[in-house]
Amino acid sequence: MANEEVLVAIGVDRSERNTQIPLRVIWGLVQVVLGEDVGEGIRLISKARKEFAGPAYVESVIEEYLSRAVRHRYQSSKSKEDLDVALGHARLAFSKALEMAPRRAELAVELGRLLMTYYQLDKVPARCDEAIQHFSWAVKATSARLTVRFQAATEWANAAEECQSETYVEALE
């Protein structure tokens, strides 16, 4: 598989490749997604994260990739600790993203999905409420692509139904 195909396959956006993302971060994510060496991939991303000194929006991308890598490991390990770590990095990615960047809505949807995964494990209503807040925010984000807003609305309705939230009707509107 050519380099371009690998990057597209793992979801590295062309615009992100033109930023200041350290190559180790991208290589670490490639290792994780291709299943070559998940632990080493996470270690590479973590090390690059600690050494990075640059703009917050690039830090956001690094945090997102680290969250994706740990979430990938969670899918096979089902370790609650991995889910905690992935959630923490997803929160950081969202908080460091530029306020009006279209990417921020995508991060809100992913953060909401992680929170719902956690909710399904522990049934803590606050997790569901937080997930709904992120989905709602993404739906209302005018800078977001319409497909992302539609995904967010769908996730919001599903979460509201699962949690028996009063926002179900609002999500459907």
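The values are calculated or read from the model by the stated rules, or taken from the named source; none is laboratory data. Computed from a predicted model, the values in this text were never measured in an experiment. No Cβ is skipped: glycine too gets one built from the backbone with ideal geometry, and neighbour counts run over all protein chains shown. Each accessible area value is taken on the protein alone, full model and side chains, heavy atoms only, with ligands, DNA and RNA left out. Shrake-Rupley method; radii C 1.70, N 1.55, O 1.52, S 1.80 Å.
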Scoring only Lys, Arg, Asp and Glu (+1, +1, -1, -1) among other residues with Cβ under 11 Å from the Cβ of K47 yields +2
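Using the Cα atoms as the points, what is the convex hull volume per residue of region 60-147 in Å³?
Dividing the Cα hull volume of region 60-147 by its residues yields 84 Å³.
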From the backbone phi of region 96-104, what are the Karplus-calculated ³J(HN,Hα) couplings (6.51 cos²θ - 1.76 cosθ + 1.60, θ = phi - 60°) in whole Hz, Gly and Pro given as x?
-> 8, 5, 4, 3, 9, 6, x, 4, 4
On the accessible surface of region 63-173, probed at 1.4 Å with all protein chains in place, carbon and sulfur together account for a percent value of 53
Expected vector for region 146-159, Karplus 3J(HN,Hα) from phi with 6.51, -1.76, 1.60 and θ = phi - 60°, integer Hz, x for Gly and Pro, equals 4, 5, 5, 5, 5, 4, 4, 5, 5, 5, 4, 4, 4, 5
Calculate, for region 55-148, the solvent-accessible area per residue in square angstrom, rolling a 1.4 angstrom probe over the heavy atoms of the protein chains.
-> 46
Amide H neighbours of C163 under 5 Å, counting only residues 5+ apart in sequence or on other chains, H built in-plane at 1.01 Å?
-> none
Mean Cβ neighbour count within 10 Å, used as a protection proxy, ranking 56-63, 70-77, 103-110, 117-124 highest first | 103-110, 56-63, 70-77, 117-124
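Of K47/K80; K50/K140; K80/K123; K78/K123; K47/K140, which ones are farther than 25 Å apart at the Cα?
K50/K140; K47/K140
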